[in-house]
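The values are calculated or read from the model by the stated rules, or taken from the named source; none is laboratory data. Please read all numbers here as calculations on a predicted model, not as lab measurements. Backbone-built Cβ (ideal geometry, glycine too); neighbour counts: all protein chains shown.
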Amino acid sequence: MENMVVDFLQALPDGALIIDHEGMVTASNVAANEALELDPGGLAASSVIRSSAFATALASVRSTHRPAIIDFDIYSNPPRQISAHIANLGYDGQVLVILRDLTRAQAIEKMRSDFVANASHEMRTPLSSILGAIETLQGPAKNDAKGRDMFLATMLTQAQRMKRLIDDLLTLSRIELNAHVRPSAKVSLPQIAKQARSNLGQLAKELGVEVSLTGDAEVFVSGDGEELLQVAQNLLENAVKYGSSGKQVVMFCASNSETGTLAIQDFGKGIAQIHLPRLTERFYRVSTQESRQRGGTGLGLAIVKHILLRHRSKLDVHSIEGDGSTFSFSIPLFKS
Ligand code: ADP
């Protein structure tokens, strides 16, 4: 019987333990041992789960025979949040406790609310400028033709910034929606690089940057052409914008027997090492002021990361301060 109980607990997807009428743990499964970071068998429940709320809930379940749910923290490193469902088993005063680790779900929830807070903040800044300009146009600058032009220009710039932000947010959510579908069309990487270069020709010219294309002329990978063009464009735009002091950018295509690679190298100011691990986070910028001045949303590399994830690939970044940066990615070759 005891073995059967243990087998039964092991088959449950969550952590589970049984506490007898004296408050001792008589059985537990592996998931519970992992959640509690010890094997609680034979120990007093109060010493295993050191939470007064849990002890109170346990006593209440025993006296009322009604199940209870209680959340408590385990002060491990990092600390974890656990939700316990406590129910009477109906004989010998035994109680079944189901433990659910909420740490990951709560971390995701926090990321989501941070994201909403960041996105709202990003949206609010241009909106405040637009509102300020409208109020000035209605009041002090009502009959000032020169002032009107200036405030209208500000409104246009800020409205365009909001539009870019919304477009990028929509792009991100569209990619995330399809995250599990791996794209498999035949895509020419050099063609993508050429297209990106052509689309950003005007910007490169304005900033005095020469973009050259080298490497293999024929590299066919398995992917989504539009999305890979977006990746190449975002990377090239950054290289041209942030690396403009280097005056040139090199786009390089290559392949081995498995994958095709596109690398984009600039010779600008580079990025300090401490920033590299966080570059693809939403709204992370090395310099917010510079990014805003250059019309950035802080979402370009997050979009790149998610498109590459969908292609089962990742972004590689090498950068040396003062020498420039190389951003690259590899995608499996197209197999007919
Ligand atoms: P943004 O819209 O601000 O350009 P990205 O997500 O595309 O957002 O890039 C995040 C940040 O990474 C940029 O704000 C910039 O600080 C830095 N960065 C990206 N590419 C380069 C580069 N080639 N050289 C220097 N810094 C770069």
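Of all the listed residues (ILE264, ILE303), the sole one being part of a strand (DSSP E or B), in contact (Cβ under 8 Å) with a residue 60 or more places away in the chain, surrounded by 19 or more Cβ atoms within 10 Å (Cβ to Cβ) and within 9 Å of the ligand (Cβ to nearest atom) is ILE264.
For the range 135-146, the candidate set comprises residues that are surrounded by 13 or more Cβ atoms within 10 Å (Cβ to Cβ) and modelled with pLDDT of 90 or more; within that set, the residue that is farthest from ARG285 (Cα to Cα) is LEU137. Of all residues in the range 267-277, those satisfying the criterion of being more than 17 Å from VAL240 (Cβ to Cβ) and either more than 9 Å from the ligand (Cβ to nearest atom) or buried (at least 19 other Cβ atoms within 10 Å of the Cβ) (or both) are ALA272, GLN273, ILE274, LEU276, PRO277. Just one of the listed residues (ALA204, ALA217, ALA196, ALA232) is more than 11 Å from the ligand (Cβ to nearest atom), at pLDDT below 95 and assigned by TED's automatic domain parsing to the domain that holds ASP323, namely ALA217.
Checked against (1) within 35 Å of the chain's Cα centre (by Cα); (2) modelled with pLDDT under 90; (3) more than 19 Å from GLY15 (Cα to Cα); (4) of a type outside the set (Val, Ile, Thr), LYS110 meets all criteria but (2). Of the residues making up the range 1-38, those that are among the acidic types (Asp, Glu) and over 14 Å from LEU99 (Cα atoms) number 4. In the range 235-251 there is no residue matching the filter, namely being within 27 Å of PRO190 (Cβ to Cβ), near the ligand (Cβ under 7 Å from one of its atoms), in a strand (DSSP E or B) and modelled with pLDDT of 95 or more. When LEU170, LEU189 are checked against the criterion of being surrounded by 14 or more Cβ atoms within 10 Å (Cβ to Cβ) and either within 26 Å of SER255 (Cβ to Cβ) or away from the ligand (no atom under 13 Å from the Cβ) (or both), a single residue qualifies: LEU189. From the set of residues in the range 157-187 that are closer than 17 Å to LEU309 by Cβ and among the acidic types (Asp, Glu), which is modelled with the highest pLDDT? Going through the qualifying residues, I end up with ASP168.
Out of all the residues in the range 306-317, is one or more modelled with pLDDT of 95 or more, part of a strand (DSSP E or B) and either among the small types (Gly, Ala, Ser) or more than 7 Å from the ligand (Cβ to nearest atom) (or both)? Scanning the range 306-317, I find at least one residue that is modelled with pLDDT of 95 or more, part of a strand (DSSP E or B) and either among the small types (Gly, Ala, Ser) or more than 7 Å from the ligand (Cβ to nearest atom) (or both), so the answer is yes.
Being part of a loop (DSSP other than H, G, I, E, B) and near the ligand (Cβ under 6 Å from one of its atoms) is the filter; apply it to the range 285-298 and report the residue that is farthest from the chain's Cα centre (by Cα). Checked the range 285-298; the qualifying residue farthest from the chain's Cα centre (by Cα) is SER287.
Look at (1) outside the structural domain of LEU333 (by TED's automatic domain parsing); (2) more than 21 Å from the chain's Cα centre (by Cα) and you find that LEU172 fails only one, number (2).
Within the range 307-316, how many residues turn out to be crowded, with 17+ Cβ neighbours inside 10 Å and out of contact with any Gly (no Cβ under 8 Å at 6 or more places or on another chain)?
Of the residues in the range 307-316, the ones crowded, with 17+ Cβ neighbours inside 10 Å are 307-308, 310-311, 313, 315.
Within this subset, residues satisfying the condition of being out of contact with any Gly (no Cβ under 8 Å at 6 or more places or on another chain) are 307-308, 310, 313, 315.
Adding up the residues that qualify gives 5.
If the condition is being under 17 Å from VAL249 (Cβ atoms), away from the ligand (no atom under 11 Å from the Cβ) and surrounded by 19 or more Cβ atoms within 10 Å (Cβ to Cβ), then the range 318-330 contributes only PHE329.
Of all residues in the range 228-249, none that is on the phi > 0 side of the Ramachandran plot has its Cβ atom under 7 Å from the Cβ atom of a residue that is near the ligand (Cβ under 9 Å from one of its atoms) and part of a helix (DSSP H, G or I), 6 or more apart or on another chain.
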